[in-house]
Amino acid sequence: MPSPSSTQLSPCIGVCALHEGVCTGCLRTLEEIAAWSRMGDDARRALMERLPGRRPPMSLELASRLPEYTALARALHPLETPPATQGWNHGELEDLLPPGPPAAAAVLAGLVPHAHGTTVLLTRRHDGLRHHAGQVSFPGGRVDPGDADAVAAALRESDEEIALKAGQVMPLGLLDTFATVSGFLVTPVVAVIDPAFVPIPNPGEVAEVFEVPLDYLMEPRNLRTVELEFKGRARTVLEYDWAQQRIWGATAGILYNLRRRLEKSR
């Protein structure tokens, strides 16, 4: 059994996920993690003293700017283990969904760290689109056969819709899947976006790109329920108002799921 002093000598912060060969929590390599149990206290102290000087991979530097990073790492599903569900809201829609299996889709819930606080990047869809025309949404769309997974689909769609390049975004984890009445099963990919990113909206898909403070969207009193009729049945949907934007439906539901997961992880 290790001594009390040995137990305390660890840089681990309880957030353990490997990215580019480095733990995103303690910034130690796989080799250092494997060797830790064989080290004496002096060697451990020396290693811990060197850690603050290590330069993390570029993507981890981006994540380090996000004040909510540690909380998100606890709250989200790991990127490599997506939730296998019908959607956390499936029970509410069971008699409204179209027949047959849902189509897989993915969206990018992008968080932008600024000096004044973290914001969520959203788009307003073009009025001429077939699905969800004119609605506020996250960048994203259907998972294509050529996409490796939902993360790849969300990144590809974000590039196509707003010119977000891979070097300006780091996926952090996944939220619970969300079912839509239009027959999609959406996987939300939470990511941090470089605050220097300047969106270029695809004019055929995106009418507008804007940001909303994360604190506003995570405040329960700013989210309300609205009753509407769909296919002859009363249905309750979630909704935010921000400036001149109405944020409702799937987008509001995904943000609600983010809030609930953060609350439960505390």
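The values are calculated or read from the model by the stated rules, or taken from the named source; none is laboratory data. Model, not experiment: these values are computed from the prediction. Using ideal geometry, Cβ is built from the backbone for each residue, glycine included, and neighbour counts are taken over all protein chains shown. For the accessible areas, the whole protein counts, side chains as well, though only heavy atoms, and no ligand, DNA or RNA atoms are used. Shrake-Rupley method; radii C 1.70, N 1.55, O 1.52, S 1.80 Å.
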List the residues whose amide H sits under 5 Å from the amide H of Ala103, counting only those 5 or more places along or on another chain, with H placed 1.01 Å from N in the peptide plane. Phe184, Leu185
Taking R0 as 25 Å, what's the FRET efficiency between Ala35 and Thr81 from their Cβ-Cβ distance, rounded to 0.05? 0.40
Distribution output for the stretch 58-171: share of Cα-Cα pairs per 5 Å bin in percent, first bin at 0, values 2, 9, 16, 21, 21, 17, 9, 4, 1, 0
Tell me the Rg and the Dmax, in Å, that the Cα atoms of the stretch 167-209 produce. 13.6, 36
For the stretch 136-211, diffusion coefficient by Stokes-Einstein and Kirkwood Rh (Cα), 10 °C, 1.306 mPa s, µm²/s: 121 µm²/s
With viscosity set to 0.692 mPa s at 37 °C, what whole-number translational diffusion coefficient in µm²/s follows for the stretch 98-248 from Stokes-Einstein and a Kirkwood radius over Cα pairs? 203 µm²/s
Backbone HN-Hα couplings from phi across the stretch 157-171 [Karplus 6.51/-1.76/1.60, Hz, Gly and Pro as x]: 5, 5, 5, 5, 8, 9, 6, 7, 8, 4, x, 10, 8, 10, x
In whole percent, how big is the carbon plus sulfur part of the accessible area of the stretch 86-130, probe 1.4 Å, protein atoms only? 52 percent
Segment Asn202-Thr70, extension gain: residue separation times 0.36 nm, minus the distance between their alpha carbons: 44.2 nm
Taking every other residue with Cβ under 13 Å from the Cβ of Gly87 and scoring Lys and Arg +1, Asp and Glu -1, one gets -3
Take the Cα radius of gyration of the stretch 185-266 and divide it by 2.2 N^0.38 Å, with N its residue count; two decimals is plenty. 1.27
Starting from the amide H of Trp242, placed 1.01 Å from N in the peptide plane, find each other amide H under 5 Å away whose residue is 5 or more places distant or on another chain. Ile247
Amide H neighbours of Thr119 under 5 Å, at least 5 residues apart or on other chains, H built in the peptide plane: list them. Val112, His114, Leu214
